Amino acid sequence: MSKIKSQKIKSVNDQTMIVTLDIGKGSHYGYFRAPDGQDVEPFAFYNTYDSFHSFWKKLSRFKKAHGCRQVLVGFESTGPYAEPITHFLKQQPVTLVQINPMHSKRVRELTGNSPNKTDRKDPRVIADVIMLGHALRVVIPQGSSAHLRRLTQARERAIRDRTAIVNQLQHLLFVIFPEFLKVIKKISCKTGLYLLRHYPSRQAIAALGEQQLSRIIKRVSRGKMGQWHAEQLCQAAQASVGINEGQESIVEEIGHLVDKIKRENDFIDRVECQMRVHLEQIPYSRYLLSLPGVGLITVAGLIGEVGDFRQYGTVAEITKLAGLDLFEVSSGKHKGRRRISKRGRPLMRKLLYFAAINAVKSTGTMHRPYTRMLERGMPKIKALVAISRKLLRVMYALARDQEMYMENFDHNRYRFAA
């Protein structure tokens, strides 16, 4: 990490103009600082086309007046409000960097020995953080990588919404037919949704009879379920403790929720098809997919979150982006435990964690190192996080070297990566 930090510090020199932005929804605050320390008062500009161009003209005049050759534009890591201005600046001859809001909070305390936080103070604080060298280069996804980021985020939102709907469905079903949940364990499966859409009450199940219900279940589940499930459902329907009051209204809402789950499922299927199409447009994606246990969704999500693996100079940068970099708090005789910082993209950590679960299976590529970690007394979750870090390093090496993964191939060459 020392190598990375020295590169950041060198990026600010006596010919660098620092521009910082305090991002807002309707308006932003800008601030310029010349290499000799001269600056302008923080000023507001709006999230409009004309205001962006006015901001750029003002920046250009300041740059020319102070003889600066390069421009470094920094801002705090933020949500969607920064995207219009960053995409506008990406088309200009500037270098975009971002800082962790935690860093600006710490430095803010040093300014005037006060925790005071205002839109006019924040841009100066961000500039101070950049001068200290604590900024990360911004990699904005382009083309298929940008599509993959949007699609991955859309898929995550759809899965989160679907989970909430399934929970609502379970709550309603528990009121009128709680025994259904004991027979059909996963009500969001195809068979469960079909029965709830067409026979949502215990009276409807009982009216079918075992034989007809068995045929329906076998047909819908394609033989995975059958006679036993039909018998259990019919018996439960005849001796259910579900309530009768307001049952028709609950049944109406159950049908509505089932339709919503199906719509979410259809949307997720369409998104995954589009992810597959865009992933094929990424030249190095096939190298990442060659790693056993890493699937299409994982690779598409990681490329979307990272932007472009090839834009990062070292594996430590991309590890920090994921929030998988290690830290410890030690003092004197006290030796702190090493932990991951989690100051990065949570979706990257989630994707890598599930990939690690696949990789540590008995036939997985990371089973042996995982077993060694457990033998040393490492907790399982901590070992899976360590495997996540290892997978990310291997994937970075594959993308950088444009090579397929081969287990135990030229181990010395990849020792630094794995």
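The values are calculated or read from the model by the stated rules, or taken from the named source; none is laboratory data. Fair warning: this is a prediction, and the values are worked out from it, not measured in the lab. A quick note on method: Cβ atoms are made from the backbone with ideal geometry, for glycine too, and the neighbour counts reach across all protein chains shown.
In segment 325-362, what residues are touching a residue at least 40 places away in the same chain (Cβ under 8 Å), more than 14 Å from LEU302 (Cα to Cα) and not β-branched (Val, Ile, Thr)?
ASP325, ARG343, ASN358, ALA359, LYS361
Could you pull out every one of the helices (runs of 4 or more DSSP H) wholly within segment 271-377 that has 3 or more residues that are under 16 Å from the mean Cα position of the chain (by Cα)?
Where helices (runs of 4 or more DSSP H) fall fully within segment 271-377 and carry at least 3 residues being under 16 Å from the mean Cα position of the chain (by Cα), they are 296-306, 315-321, 346-359.
Here is a yes/no grid of residues against (1) of a type in the set (Asp, Glu); (2) modelled with pLDDT under 85; (3) outside the structural domain of PHE52 (by TED's automatic domain parsing); (4) farther than 22 Å from PHE55 by Cβ:
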{"site": "GLY67", "(1), (2), (3), (4)": "no, no, no, no"}
{"site": "SER77", "(1), (2), (3), (4)": "no, yes, no, no"}
{"site": "PRO84", "(1), (2), (3), (4)": "no, no, no, no"}
{"site": "GLN91", "(1), (2), (3), (4)": "no, no, no, no"}
{"site": "ILE99", "(1), (2), (3), (4)": "no, no, no, no"}
{"site": "GLY112", "(1), (2), (3), (4)": "no, yes, no, yes"}
{"site": "PRO115", "(1), (2), (3), (4)": "no, yes, no, yes"}
{"site": "ASP119", "(1), (2), (3), (4)": "yes, yes, no, no"}
{"site": "PRO123", "(1), (2), (3), (4)": "no, no, no, no"}
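Out of all the residues in segment 378-389, which are outside any helix (DSSP H, G or I) and crowded, with 16+ Cβ neighbours inside 10 Å?
If the condition is that a residue be outside any helix (DSSP H, G or I) and crowded, with 16+ Cβ neighbours inside 10 Å, then no residue fits.
For (1) in the same structural domain as LYS350 (by TED's automatic domain parsing); (2) crowded, with 17+ Cβ neighbours inside 10 Å; (3) closer than 30 Å to ILE99 by Cβ, each residue gets a yes or a no:
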position	(1), (2), (3)
LEU257	no, yes, no
ASN265	no, no, no
GLU272	no, no, no
LEU289	yes, yes, no
THR298	yes, yes, yes
GLU317	yes, yes, yes
LYS320	yes, yes, yes
PHE327	yes, no, yes
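Take the residues in segment 140-187 that are of a type in the set (Val, Ile, Thr) and not in a helix (DSSP H, G or I), then tell me which one is surrounded by the fewest Cβ atoms within 10 Å (Cβ to Cβ).
My answer is ILE140.
Which number in (1) touching a residue at least 40 places away in the same chain (Cβ under 8 Å); (2) crowded, with 17+ Cβ neighbours inside 10 Å marks the one condition that SER285 misses?
Failing condition for SER285: (1).
Which of the strands (runs of 3 or more DSSP E) found entirely inside segment 34-115 contain at least 2 residues meeting this: within 26 Å of ASP14 (Cβ to Cβ) and in contact with a strand residue (DSSP E or B) (Cβ under 8 Å, 6 or more places away or on another chain)?
70-76, 95-99
Would you point out the residue of segment 36-52, among those that are in contact with a helix residue (DSSP H, G or I) (Cβ under 7 Å, 6 or more places away or on another chain) and farther than 10 Å from GLY26 by Cα, that is surrounded by the fewest Cβ atoms within 10 Å (Cβ to Cβ)?
VAL40
Somewhere in segment 106-122, is a residue acidic (Asp, Glu) and crowded, with 20+ Cβ neighbours inside 10 Å?
Within segment 106-122 (the criterion being acidic (Asp, Glu) and crowded, with 20+ Cβ neighbours inside 10 Å), the answer is yes, since at least one residue qualifies.
Please enumerate the residues belonging to segment 129-139 that are part of a helix (DSSP H, G or I) and surrounded by 19 or more Cβ atoms within 10 Å (Cβ to Cβ).
Residues satisfying the conditions are VAL129, ILE130.
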